[in-house]
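The values are calculated or read from the model by the stated rules, or taken from the named source; none is laboratory data. Just so it is clear, the structure is predicted and the values come from calculations on it, not from any experiment. All Cβ positions, even for glycine, are placed from backbone atoms using ideal geometry, and neighbour counts span all protein chains on display.
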């Protein structure tokens, strides 16, 4: 009887350990990784609270996410199939600031914003631009407020994605760009 109890305790303990590891793995993948750069957003006609040099009055972001998918099919004969790209909404997170009310109003009214720009910069004394995403014909299609944290969904008709690589010494190379237009 005692051996049976010990086996039962060991089995329950192993089960609890495995369950704990599995649930930790699931919950840790749900959250996006934290930003390792500073992120700013400029939208025509909407001022934020940034005081950072070169980004004064831009919107300071705590997160950004978007997704591109393409329904291309592989073609016979070694060529590539063609499909139409679909760009999901551009979602940003930010704290309550001067841009909050205009963003909410834009979501409520469906106002078209001529252009916008998202920028990621390195941190420190002399920040440099790592990524720039230019957006055209922007609409605020979603606004969520949760304990001073806001999630804003933007859609747009065209974008230009420009990454600025640097070598190990920090010297910048020419930007590498990709573009998309819904038309």
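Values computed for the structure shown
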| quantity | calculated |
| --- | --- |
| Residues being outside any strand (DSSP E or B), surrounded by 12 or more Cβ atoms within 10 Å (Cβ to Cβ) and at pLDDT 95 or above - total across the range 106-155 | 2 |
| Some residue of the range 165-174 being at pLDDT 90 or above and surrounded by 12 or more Cβ atoms within 10 Å (Cβ to Cβ) | no |
| The one condition in (1) touching a strand residue (DSSP E or B) at 6+ places or on another chain (Cβ under 7 Å); (2) more than 17 Å from residue 58 (Cα to Cα) that residue 125 fails to fulfil | (1) |
| Residue 64 in contact (Cβ under 8 Å) with a residue 12 or more places away in the chain and either more than 26 Å from residue 182 (Cβ to Cβ) or in contact with a helix residue (DSSP H, G or I) (Cβ under 6 Å, 6 or more places away or on another chain) (or both) | no |
| Residues being touching a strand residue (DSSP E or B) at 6+ places or on another chain (Cβ under 9 Å) and in a helix (DSSP H, G or I) - total across the range 83-105 | 5 |
| Selection status of residue 161, buried (at least 17 other Cβ atoms within 10 Å of the Cβ), touching a residue at least 60 places away in the same chain (Cβ under 8 Å) and assigned to a strand (DSSP E or B) | no |
| Pairs with Cβ under 6 Å, 6+ apart, first in the range 82-96 and on the phi > 0 side of the Ramachandran plot, second surrounded by 13 or more Cβ atoms within 10 Å (Cβ to Cβ) and modelled with pLDDT of 95 or more | none |
| So residue 100, is it under 22 Å from residue 46 (Cα atoms) and surrounded by fewer than 11 Cβ atoms within 10 Å (Cβ to Cβ) | no |
